[in-house]
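The values are calculated or read from the model by the stated rules, or taken from the named source; none is laboratory data. None of these values were measured; they are calculated from a predicted model. Glycine gets a Cβ as well: all are built from the backbone with ideal geometry, and neighbour counts include every protein chain shown.
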Amino acid sequence: MTQSSPLSQSRPTRRNLLKSAALGSAAAFAAPYVKDSYAAGSLSLGVWDHWVPGANNTLTKLCNEWGAKNNCEVKIDYITSQGEKDKLTAAAEAQAGTGHDIMSHRDWNIRIHQTVLEPLDDVVGGLIKQYGPISPVAEYLAKIKGTWSGVPTTVGSQVKPCQSRLDLYQQYAGLDLRDMFPADVSKYDKAKIDTWSWDTYLDAAQKLHKAGFPVGLPMGQSSDAVDWVGALFNSFGVVMVDAKDNIKINSDEARTALEYLKKLMAVNPPEVYAWDDAGNNRWIISGKGSGIMNPPSSWAVAIRDNKPVGEQLWHHPMPRGPKGRFVGQLPQFYGLWSFSKNKSAAKDLLTYISQKDAVAQLVAASSGYDLPSFTSMYDITTWQTVAPPAGVVYSYPPRGDEQTSITGAPARSEVGAQIYNQAINTVMVSKFTQGNEKLDDVIKWAENELEGTLRA
Amino acid sequence: MADTVQTWSPQLPGVALRPSARQNLRLFLQRRSTIAVLMCLPLILIIACLVIYPAFYSIYLSMLNKTQTRFIGLGNFRFLLSRDVFLMVVEQTAIFALTAVFFKALIGLITAHLINNLPASGQRKWRGMMLVPWVIPLALSSLGWWWLFDPIHSAFNYILQSFGYDEVPWLSSPYWARFSVILVNVWYGAPFFLIMYLAALKSVPDQLYEAAAIDGANAWQKFVHITLPMMRNIISITVLFSLIVTFANFDIVQIMTAGGPRNMTHVFATYAFMLGIRSGDLPLGAATSLFMFPILAIAAIFILRGVRRRGREIG
């Protein structure tokens, strides 16, 4: 008698094959997310190339750790945002329908590529359950028609609060910023913080300009300029286009903000109109400037290249306006292309690198530059320990009454993307402050441009 | 000139003379025109893939709506013509291209004459040196110029200040910024004109100048009545070629000003990049870049018509 082998027992028949296929399909549709990366083999990522030297290594390490645990080969291409190469790559992959599995997208790119991105509600939903509320700016940019199309990254996500020279503010403006914003939120004194308004800021900027150390606020068409002007507009209550496509720029709030900016730009160096995103960094590092609005990258370079300046820098919240205190936030996202061959493994990797332990390593590697989108993670110790001076980046994550915002909101994100990328707010300000155009003409110009952004 | 192999042979009644398929193939491959096409095929394929396909694809893209889901015909073009910023971009591109080409042609002509009048032994090193701007990759040289104009650490301003002059807002004032990008384009493109004009000058027969000298013509008269007429076709072709390249310029403006301040240095290519890539509106970006096409086509028709007419006159 012959014994049947296990192989012969599982000999494929047409009936078995159909049955398996049906079961497999049903499982794939019914199960929202199944960790089956063992079946995967490999994953490729196109990720933003970090400014901070060495910061990429930590992400590579985390991905390799995950890959080793899950028997999956992970390949990462770091793509610079210089010359928008990352956006070009994403546009090319979206058009071609092939490329990396996971791609990091800056600012508005999730919306731009939404039709070729895989829904990630399961991943983001799980993270929200774990870590609580997510940044409203991240939600505005990546949750489209109720569906999350991107997972907010830690790497590269940032806000752009004030970064000021302690010594110069103290000496020429009589303001002790460390006392006002100590490296411990429980010691924030509301009475002191409430005095930090745009009026106080203007007064200080005028004194610092007189002393030969002007603040440097970019007014070109790059994101640093768009972000701080957007935050100021929000704090003055300026709405460019509302969520129902109504153009609202012809308002008293807009006129008040522009009149204020006329005074503020007069005490900035004239070259701010030509600055790119590195202009304000160079300004503060050079020692000529007393303050900018930026993530801690400028501090990190100052510590390396001009330590006496770096040791006097201090991050603190933005000034308060009539409608509140706002800071420009620019999150990044991981998007999973719908043409990816390995979606399940990709989702598992994204969940892995979004855990607080991983986030803490990424934040540490970037000296506090990278900012997660969950406020519950702002207690990561890096922001307390980074020095010199000790606590320099503690108030870099929004603390106290500071709210995050992005230029273009609350318009529909399709409209907001146009407003942001065409820098309509900074061109308005430049026309009024540098071009000396009449306020009414500037408002009329903006109305015309905003009307263009509503094109279907 | 025959370009085929003659295969004539007398046909006898009742005898089948049709060559076999193999013979046919051999004869086909032996034709010079066939070989020429085969040898050009890689180039034709490259052009088809990298030029013709993208060109038609961009025409197709320019006729879609923002989300690329609906055909809207010329809607994007109509929309662009209704925007103030786009009309400003058209004007700026024309100023940029025409001014830059004029100065490139002028500088090229002057330097070509200067070099042509040097002793033969000294010409080579001057030709080499003058070509340097043209052979450096444009992105690199633009970056170098940007450092010279840098808003914070401008080398030019450092020199000006050391002589007691005020700083110049090279890139922060819109009009200085326009000047700066045109200057860099002229610096980069003038050597092309130089080398073309130098070649043209060398082809003018010396006998014409000798005859003119006997007739008592001065240097200016020789230039106007001999040199310029003999160079007209080369001048036309170089101007056309340079006009096309300058109209489509991207690197210099993108690196130095990115279209700012106040959108006042945008040209078609940088504005198309801002709309198409940065803002994610590829159809509108494609429509913007295609606006160059009719402008350049009209210029090409007029210039080439003149070249052909003069060619017939000479022939």
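Does the stretch B:57-76 include one or more residues that are in contact with a Gly (Cβ under 7 Å, 6 or more places away or on another chain) and within 30 Å of B:Tyr175 (Cβ to Cβ)?
Looking only at the stretch B:57-76, we keep the residues that are in contact with a Gly (Cβ under 7 Å, 6 or more places away or on another chain), and these are B:63.
Next, only the ones that are within 30 Å of B:Tyr175 (Cβ to Cβ) stay: none.
There is no residue in the stretch B:57-76 that is in contact with a Gly (Cβ under 7 Å, 6 or more places away or on another chain) and within 30 Å of B:Tyr175 (Cβ to Cβ).
Within the stretch A:55-91, which residues are buried (at least 19 other Cβ atoms within 10 Å of the Cβ), closer than 21 Å to A:Val116 by Cα and aliphatic (A, V, I, L, M)?
Within the stretch A:55-91, A:Ile79, A:Ala90, A:Ala91 meet the criteria.
Among the helices (runs of 4 or more DSSP H) lying completely within the stretch B:224-277, list those that include at least 3 residues that are in contact with an Asp or Glu (Cβ under 8 Å, 6 or more places away or on another chain), away from chain A (no Cβ under 14 Å) and crowded, with 24+ Cβ neighbours inside 10 Å. Steps first, please.
On the way: elements: B:228-247, B:251-256, B:268-273.
Those helices (runs of 4 or more DSSP H) do not exist here; none qualify.
Condition first: surrounded by fewer than 21 Cβ atoms within 10 Å (Cβ to Cβ), more than 11 Å from chain B (Cβ to nearest Cβ) and either in contact with a Phe, Trp or Tyr (Cβ under 6 Å, 6 or more places away or on another chain) or not acidic (Asp, Glu) (or both). Now tell me which residues in the stretch A:435-456 satisfy that.
Hits for the stretch A:435-456 are A:Asn436, A:Lys438, A:Leu439, A:Ile443.
How many of the residues making up the stretch A:188-213 are of a type in the set (Asp, Glu) and closer than 18 Å to A:Val327 by Cα?
2
Filter the stretch A:159-188 down to residues that are of a type outside the set (A, V, I, L, M, F, W, C), assigned to a loop (DSSP other than H, G, I, E, B) and more than 28 Å from the chain's Cα centre (by Cα) and give me whichever is surrounded by the most Cβ atoms within 10 Å (Cβ to Cβ).
Here the answer is A:Asp176.
If we keep just the residues of the stretch A:76-96 that are part of a helix (DSSP H, G or I) and more than 11 Å from chain B (Cβ to nearest Cβ), which is modelled with the highest pLDDT?
A:Glu93
So for the stretch A:399-415 (the condition being within 11 Å of another protein chain (Cβ to nearest Cβ), surrounded by fewer than 24 Cβ atoms within 10 Å (Cβ to Cβ), closer than 30 Å to A:Ala91 by Cα and out of contact with any helix residue (DSSP H, G or I) (no Cβ under 6 Å at 6 or more places or on another chain)), does at least one residue qualify?
Checked against the condition, which is being within 11 Å of another protein chain (Cβ to nearest Cβ), surrounded by fewer than 24 Cβ atoms within 10 Å (Cβ to Cβ), closer than 30 Å to A:Ala91 by Cα and out of contact with any helix residue (DSSP H, G or I) (no Cβ under 6 Å at 6 or more places or on another chain), the stretch A:399-415 yields at least one hit.
When the residues of the stretch A:257-275 are filtered to those that are in a helix (DSSP H, G or I) and within 19 Å of B:Ile152 (Cα to Cα), which remaining residue is farthest from the other protein chains (Cβ to nearest Cβ)?
Of all residues in the stretch A:257-275, those in a helix (DSSP H, G or I) come to A:257-266, A:270-274.
Narrowing further to those that are within 19 Å of B:Ile152 (Cα to Cα): A:265-266, A:270-274.
On the way: A:Met265: 12, A:Ala266: 14, A:Pro270: 6, A:Glu271: 4, A:Val272: 7, A:Tyr273: 4, A:Ala274: 4 Å.
Across the stretch A:257-275, the extreme among qualifying residues is A:Ala266.
Please state which of the following conditions B:Phe79 fails to meet, knowing it meets all the rest: (1) away from chain A (no Cβ under 14 Å); (2) more than 25 Å from the chain's Cα centre (by Cα); (3) part of a helix (DSSP H, G or I).
(1)
Check off (1) in the same structural domain as A:Ser164 (by TED's automatic domain parsing); (2) modelled with pLDDT of 95 or more; (3) under 17 Å from the mean Cα position of the chain (by Cα); (4) not hydroxyl-bearing (Ser, Thr, Tyr) for A:Leu439 and give me the number that stays unchecked.
(3)
Within the stretch B:202-216, is there a residue that is away from chain A (no Cβ under 14 Å), within 19 Å of B:Phe79 (Cβ to Cβ), in contact (Cβ under 8 Å) with a residue 60 or more places away in the chain and part of a helix (DSSP H, G or I)?
Taking the stretch B:202-216 and keeping what is away from chain A (no Cβ under 14 Å), we get B:202-216.
Pick out the ones that are also within 19 Å of B:Phe79 (Cβ to Cβ) and you get none.
Within the stretch B:202-216, not a single residue is away from chain A (no Cβ under 14 Å), within 19 Å of B:Phe79 (Cβ to Cβ), in contact (Cβ under 8 Å) with a residue 60 or more places away in the chain and part of a helix (DSSP H, G or I).
The rows are residues; the columns are (1) part of a strand (DSSP E or B); (2) touching a residue at least 40 places away in the same chain (Cβ under 8 Å); (3) in contact with a Ser or Thr (Cβ under 6 Å, 6 or more places away or on another chain).
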| residue | (1), (2), (3) |
| --- | --- |
| A:Val226 | no, yes, yes |
| A:Leu232 | no, yes, no |
| A:Lys244 | no, no, no |
| A:Arg255 | no, yes, no |
| A:Asp277 | no, yes, yes |
| A:Gly289 | no, yes, no |
| A:Ser298 | no, yes, no |
| A:Val309 | no, yes, no |
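Among the residues of the stretch A:416-434, is any in contact (Cβ under 8 Å) with a residue 24 or more places away in the chain, more than 14 Å from chain B (Cβ to nearest Cβ) and among the aliphatic types (A, V, I, L, M)?
We begin by selecting, within the stretch A:416-434, every residue in contact (Cβ under 8 Å) with a residue 24 or more places away in the chain; these are A:416-430, A:432-434.
Restricting the remaining residues to those that are more than 14 Å from chain B (Cβ to nearest Cβ) gives none.
No, there is no match, as no residue in the stretch A:416-434 is in contact (Cβ under 8 Å) with a residue 24 or more places away in the chain, more than 14 Å from chain B (Cβ to nearest Cβ) and among the aliphatic types (A, V, I, L, M).
Report, by residue number, each residue of the stretch B:54-78 that is crowded, with 16+ Cβ neighbours inside 10 Å and either under 15 Å from A:Glu451 (Cα atoms) or among the basic types (Lys, Arg) (or both). Spell out the reasoning first.
So the first thing to find is which residues in the stretch B:54-78 are crowded, with 16+ Cβ neighbours inside 10 Å, and the list is B:58, B:61-66, B:72, B:75-77.
Answer for the stretch B:54-78, where residues must be crowded, with 16+ Cβ neighbours inside 10 Å and either under 15 Å from A:Glu451 (Cα atoms) or among the basic types (Lys, Arg) (or both): B:Lys66, B:Asn76.
Restricting attention to the stretch B:265-277, does a residue exist that is under 30 Å from A:Lys431 (Cα atoms) and without any contact (Cβ under 8 Å) to a residue 12 or more places away in the chain? Before you say what the answer is, go through the steps one by one.
Going residue by residue through the stretch B:265-277, those that are under 30 Å from A:Lys431 (Cα atoms) are B:265-277.
From what is left, the residues that are without any contact (Cβ under 8 Å) to a residue 12 or more places away in the chain are B:277.
Checked against the condition, which is being under 30 Å from A:Lys431 (Cα atoms) and without any contact (Cβ under 8 Å) to a residue 12 or more places away in the chain, the stretch B:265-277 yields at least one hit.
For the stretch B:124-176, enumerate the residues that are surrounded by fewer than 16 Cβ atoms within 10 Å (Cβ to Cβ), at the interface with chain A (Cβ under 9 Å from one of its Cβ atoms) and over 26 Å from the mean Cα position of the chain (by Cα).
B:His153, B:Glu167 - these are the residues of the stretch B:124-176 that are surrounded by fewer than 16 Cβ atoms within 10 Å (Cβ to Cβ), at the interface with chain A (Cβ under 9 Å from one of its Cβ atoms) and over 26 Å from the mean Cα position of the chain (by Cα).
Which residues, counting only those in the stretch A:276-296, are of a type in the set (Ser, Thr, Tyr) and at the interface with another protein chain (Cβ under 10 Å from one of its Cβ atoms)?
Restricting attention to the stretch A:276-296, the residues satisfying the condition of being of a type in the set (Ser, Thr, Tyr) are A:286, A:290.
Of everything in the stretch A:276-296, just one residue is of a type in the set (Ser, Thr, Tyr) and at the interface with another protein chain (Cβ under 10 Å from one of its Cβ atoms), namely A:Ser286.
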